[in-house]
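The values are calculated or read from the model by the stated rules, or taken from the named source; none is laboratory data. Because the structure is a prediction, the values reported are computed rather than measured. FYI the Cβ positions are ideal-geometry reconstructions off the backbone, even for glycines, and counts take in every protein chain you see. The accessibility values were calculated without ligands, DNA or RNA, using every heavy atom of the protein model including side chains. Shrake-Rupley method; radii C 1.70, N 1.55, O 1.52, S 1.80 Å.
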Amino acid sequence: MTEPSSDDGSTFRRETERVVNEIAQGLRTLDAGARWFSDLAPTRQQMVLQEVAGYAMQAHITAADGRAGVARSGVKPTANPSVMICMDPPRYGFAGLPSAEHVKAFRVLVSVFAVADTRRRERYCQGVCGHAWHNLPAATERP
């Protein structure tokens, strides 16, 4: 498991933000992101799940986003994270799920965030957006 040494958390949050937004914008595959997530220590995984749930809330996900994201995630629609995100309103206690479900939760959350964030970029930010995370440079896939 990889874990940054002695950092106050802000470096890790920036890395999480970068990875999640690269997945959402198609600059990194979901599988590559899931490998990154799987290599984290369990406490870091919980931090990431809380962070990504916050991104999903900020993106104002809908029930339709939940269903579309679950379909993209590769996670069964009956898995706990899939059911939680498709509830109306969605449930966000992903970090509290058993650790065996964390990778599924990451895949679902990132996929749903990608659906909602893409909609927002296309409707509200196209050509006029100043959000740094919506303007990532096109780059080759990162591991």
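Quick notes on this one:
- Qualifying residue in the range 6-18 (condition: touching a residue at least 12 places away in the same chain (Cβ under 8 Å), in contact with a helix residue (DSSP H, G or I) (Cβ under 8 Å, 6 or more places away or on another chain), assigned to a loop (DSSP other than H, G, I, E, B) and buried (at least 17 other Cβ atoms within 10 Å of the Cβ)): no
- Options Val52, Val103: the member that is within 15 Å of Val19 (Cβ to Cβ), of a type outside the set (S, T, N, Q) and either open to solvent by less than 10 Å² (accessible area, probe 1.4 Å) or at pLDDT below 95 (or both): Val52
- Among the conditions (1) β-branched (Val, Ile, Thr); (2) at pLDDT below 90; (3) open to solvent by less than 60 Å² (accessible area, probe 1.4 Å), the only one that Thr2 does not satisfy is (3).
- Hits in the range 55-100 - residues which are open to solvent by 20 Å² or more (accessible area, probe 1.4 Å), in contact (Cβ under 8 Å) with a residue 12 or more places away in the chain, within 15 Å of Asp117 (Cβ to Cβ) and in a helix (DSSP H, G or I): Tyr55, Met57, Ala68, Arg72
- Qualifying position, being charged (D, E, K, R) and at pLDDT 95 or above, among Arg91, Arg35: Arg35
- Filter pass, Gly33 being assigned to a helix (DSSP H, G or I) and either surrounded by fewer than 16 Cβ atoms within 10 Å (Cβ to Cβ) or in contact with a helix residue (DSSP H, G or I) (Cβ under 9 Å, 6 or more places away or on another chain) (or both): yes
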